[in-house]
């Protein structure tokens, strides 16, 4: 987040959101007071650590098979058991974190990189180009998102890049719509009128006045989007059109375990809980961020 | 009201055109065509060319797009590559199953979500509130297929009270089909149940702080009446939108659950087509579901503007 003050014109602004240093610090304090958000952030940090340090943390190679130790229940040797190929589940879950987080980050990243400019064009400049772009976004929003991802991923035939493309694609319109709506309202603020009045260029107004006011909602949308993308990626992998085997993936491991669930419960429970814990953590954080950045939606005090 | 509906209706054809364009472009993002797959082992260059010509795949893309849209407008979505059956007829026979699944999911989501949302708002910041909202967040955070796994483990593997997969079509045996859909419906409605509860709670909390509620309490109305008659009416409005969106989303989610439970719905058809690279089917299902999605959203918007007249003037 940009932490510097935005110049004197912010005083004119009536919206009590993350405008200046003081309100921003207030937002941080509100976030720190939210225990669930802190818990979510801690779990997310742990997952990021797992993703980065996977080779150090994982006791085994995620794809190395041990046919003498198939279907081992959780033991001292294999803390979370092994699968039908004797692969260590704990190691697969740790490496799977890497796959999930990279895909989620890249998808949201490219969705934001495309969606935010579209929203700014439509919201700040408007005009026929903005209009056509938004109608196109509306059309994308007319598909159930998961179906669109399945159609794209299914047509292009799986693989990490395809999954990122498909999952990012379904988040582009969300960012565009959100940014457009907010840009429209920020554009009418007195400090923007003032900036236009003293002759600031469009680029400067966007960079110094519009975008800093959108950071909050973009962060919230990005965080909540992150958890949705993790679910969608797991869904695609579960359906067999995500990241191809033998790469570890929470969704596909869950689907692989499905066949043996009556005898080897850990093959289902471990990936299932991993997905739930990660998604819950990110949602806790996202809810906390939303409450902290926008006092109006805060739970009643 | 009428002008608003008319204006929204007029936007539909343009939206549909954009949608058909997206669907068509998607199918042609991938290099190559289904011809080699269709011919299998007996493929020669001549046979491929002949089949391409027969399917119209040798024509320029814009021409193919126009004829696809033209045929779709006339109720012809082409034929499946895998089994040569009419795509539209197959979708029509499967759509009722998908709708039933989504409808069952929505029914229990509403039956749980609305009372929980109201109760949590009324008992704001009590332990009941925190507990319900934790459950609601869990509902939103547990992916439907993960929930399905837990349900199968519990209800089918451990307790053996519900069937795991298959089942008749609702068109043949409605009750039998619904028994098979019980578990997937529970799984598909989890998200909506959580979201409805969360949404209703927050709008209810907001409404309960408004002046007219203070007035209602001030004139001595019993709390029950204040909650159910005065507050709920206004608080339900945002929830109604969520309801429409969630129902539409369930059509996407049904792909996964129909696949897990082998239900004879549109989603299952779609997944088979994905594995066979059956382009006309993927194209047709995506188009039809998008159409249904639009109609539901449209109906929600109209209902919304009917309940809250302020919407129309935006």
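A few comments on the model shown:
- Nearest 10 degrees, 0 to 90: helix B:266-276 Cα axis against chain B principal axis: 40 degrees
- On Cα atoms only, tilt of A:35-52 relative to the major axis of chain A in degrees: 60 degrees
- Mean separation of Cα contacts under 8 Å (6+ apart) over length of region A:204-285, as relative contact order %: 29 percent
- Size descriptors for region A:231-275 (Cα atoms only): Rg and Dmax, in that order, 9.7, 28 Å.
- Normalised by the number of residues in region A:67-138, the average gap of Cα pairs under 8 Å and 6 or more apart makes the relative contact order 15 percent.
- Stokes-Einstein D for region B:129-168, Kirkwood Rh over Cα pairs, 20 °C, 1.002 mPa s (µm²/s): 184 µm²/s
- Rounded D (µm²/s) - region B:1-95, Kirkwood Rh over Cα pairs, Stokes-Einstein at 10 °C, 1.306 mPa s: 100 µm²/s
- Rg/Rh, computed from the Cα trace of region B:15-163 with Rh as the Kirkwood radius, has the value 1.18.
- Here the residues B:181, B:271, ranked from fewest to most Cβ neighbours within 10 Å of their Cβ, fall in the order B:271, B:181.
- Summary of the geometry: region A:161-208 and region B:1-74, compared by the centres of their Cα atoms, lie 34 Å apart.
- Dividing the C-alpha radius of gyration of region B:172-314 by 2.2 N^0.38 Å, with N its residue count, gives 1.40.
- Most mobile listed residue (B:63, B:270, B:38) in chain B, GNM with C-alpha springs under 10 Å: B:63
- For chain A, the relative contact order is 25 percent, taking Cα pairs closer than 8 Å that sit 6 or more residues apart in sequence and dividing their mean separation by the residue count.
- Computed E for residue B:307/residue A:63 - FRET, C-beta separation, R0 45 angstrom, nearest 0.05: 0.20
- P(r) weight above 17 Å for region A:102-201, C-alpha pairs, percent: 57 percent
- In chain A, the longest principal axis of the Cα atoms and the axis of helix A:89-120 are about 20 degrees apart.
- The alpha carbons of region B:137-206 stretch over 46, 29, 16 Å along the principal axes, in descending order.
- Measuring between their Cα centroids, region A:55-79 and region B:121-174 lie 32 Å from each other.
- Mean partner shielding of peptide B:134-143, defined as the number of other chain Cβ atoms within 10 Å of each residue Cβ, is 5.
- Sorting the Cα pairs of region A:35-172 by distance into bins of 5 Å, from 0 upward, gives 2, 9, 12, 13, 13, 14, 13, 9, 6, 4, 3, 2, 1, 0 percent per bin.
- Taking A:214, A:44, A:32 in turn, the Gaussian network model of chain A (Cα-Cα springs below 10 Å) assigns the largest fluctuation to A:32.
- Binning the alpha carbon pair distances of region A:65-132 at 5 angstrom intervals from zero yields the distribution 4, 16, 13, 11, 8, 8, 7, 6, 6, 5, 6, 6, 3, 0, expressed in whole percent.
- Cα convex hull volume per residue for the protein assembly as shown (Å³): 196 Å³
- Values of log10 I(q)/I(0), in the order q = 0.24 Å⁻¹, for region B:205-286 under a Debye, Cα-only, solvent-free model: -1.04
- Whole-number Å³ per residue for the convex hull built on Cα positions in region A:182-231: 69 Å³
- Neighbouring partner chain Cβ atoms per residue of B:267-276, average, 10 Å criterion: 3
- A helix-only calculation puts chain A at -21500 deg cm²/dmol for mean residue ellipticity at 222 nm, using -39500 (n - 2.57) for each DSSP H run of at least four residues, averaged over all residues.
- For region B:186-252, the spread of Cα coordinates along the three principal axes comes to 48, 18, 14 Å, biggest extent given first.
- Radius of gyration over Kirkwood radius for chain A, both on Cα atoms: the Rg/Rh ratio is 1.06.
- Overall dimensions of region A:151-277 by Cα: Rg and Dmax, Å: 21.4, 73
- P(r), alpha carbons of chain B - 20 Å bins starting at zero, rounded %: 26, 49, 22, 3, 0
Read the figures in this text as sums done on the coordinates, not as results from a lab. Keep in mind the model is a prediction, meaning the values are calculated, not measured. All Cβ positions, glycine included, derive from the backbone under ideal geometry; neighbour counts span all protein chains shown.
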